[in-house]
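First the structure, in the form of structure tokens, and then the observations on it.
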Amino acid sequence: MAQFDETQLEFAPNDSSEIIEIRRSKKRTRSVAAWRESGRLIISVPARMSRKEIDTHIIELTSRIISAEQVMGDSELIDLSELLINQFLQPEFDQLRPVSVTWSARQRELHGSCTSVDRTIRISKRIATAPPYVIEVVLLHELAHLLHHDHNNNFYQLVKRHPLYEQAEAFLAGMSHADTY
């Protein structure tokens with residue numbers, strides 16, 4: 001265990017080399033926040049929060065942040081798009097490829113978007129921790145927009161080639177429903 005004073009607690013959990021710094025804030029009344037700073041995980045808690053409540057938040061927030069950091073990066077999205085093109089979109093795609101495929105933190109309502117003019121695809125970070133087949137179907141959906149701009153029968157014939165299309169659609173519908181409540 002590390003030092004403790006009235007505003008700050010620093011420790012490394014037993015099963016991890018992760019250094020977590022707890023900052024007690026007089027400005028916070030109920031909310032808890034976590035972020036990375038200089039290689040440490042910082043958790044800001046209300047000044048009067050009990051140690052037991054802090055422990056509960058530490059477990060939840062550290063697992064959430066660590067799992068978010070283990071999400072694939074933009075380069076893996078490009079690799080995945082190439083794999084999906086080869087597996088599900090041949091021969092239609094032949095030489096057609098996206099110029100860029102990136103995660104987007106700005107997309108709140110869409111799962112993905114495609115600008116076919118410059119062949120850029122953005123995938124919402126909200127689905128970054130979804131099961132891999134969900135990310136595949138969303139990416140496949142956006143790739144199909146490079147060939148078909150609207151949601152017509154030809155478009156859906158391409159997207160539905162993914163064997164888990166229906167399950168992914170159900171997952172995304174559930175996720176959207178949960179976001180409204």
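The values are calculated or read from the model by the stated rules, or taken from the named source; none is laboratory data. What you are looking at is a predicted structure, and each value in this text was computed from that prediction instead of being measured. As a convention, Cβ positions derive from the backbone with ideal geometry for all residues, glycine included, and neighbour counts pool all protein chains shown.
Miscellaneous remarks
- Condition check for Arg119 on (1) among the charged types (D, E, K, R); (2) surrounded by fewer than 12 Cβ atoms within 10 Å (Cβ to Cβ); (3) on the phi > 0 side of the Ramachandran plot: one failure, at (2).
- Options Leu147, Leu164, Leu172: the member that is among the hydrophobic types (A, V, I, L, M, F, W, C) and closer than 19 Å to Leu96 by Cα: Leu147
- Test for Ser81: is it within 19 Å of the chain's Cα centre (by Cα) and either on the phi > 0 side of the Ramachandran plot or surrounded by fewer than 18 Cβ atoms within 10 Å (Cβ to Cβ) (or both): no
- Set side by side, the residues Ile42, Ile58 differ, and just one is surrounded by 12 or more Cβ atoms within 10 Å (Cβ to Cβ) and modelled with pLDDT of 85 or more, which is Ile42.
- The set of residues in segment 160-181 that are closer than 15 Å to His111 by Cα and surrounded by 10 or more Cβ atoms within 10 Å (Cβ to Cβ) comprises Tyr165, Ala168, Glu169, Ala170, Phe171, Leu172, Ala173, Gly174, Met175, Ser176, Asp179.
- Qualifying residue in segment 149-167 (condition: within 17 Å of the chain's Cα centre (by Cα) and of a type in the set (A, V, I, L, M, F, W, C)): no
- Enumeration of residues in segment 32-86 that are without any contact (Cβ under 8 Å) to a residue 24 or more places away in the chain, part of a helix (DSSP H, G or I) and touching a Ser or Thr at 6+ places or on another chain (Cβ under 9 Å): Ile78
- Pairs where the first residue, in segment 108-132, is acidic (Asp, Glu) and the second is outside any loop (DSSP other than H, G, I, E, B) and exposed (fewer than 15 other Cβ atoms within 10 Å of the Cβ), C-beta under 9 Å, 6+ apart: Glu109/Ser176; Glu109/Asp179; Asp118/Ser100
- Unique residue being of a type in the set (D, E, K, R) and under 25 Å from the mean Cα position of the chain (by Cα) when the list is Arg51, Arg30, Arg24, Arg64: Arg64
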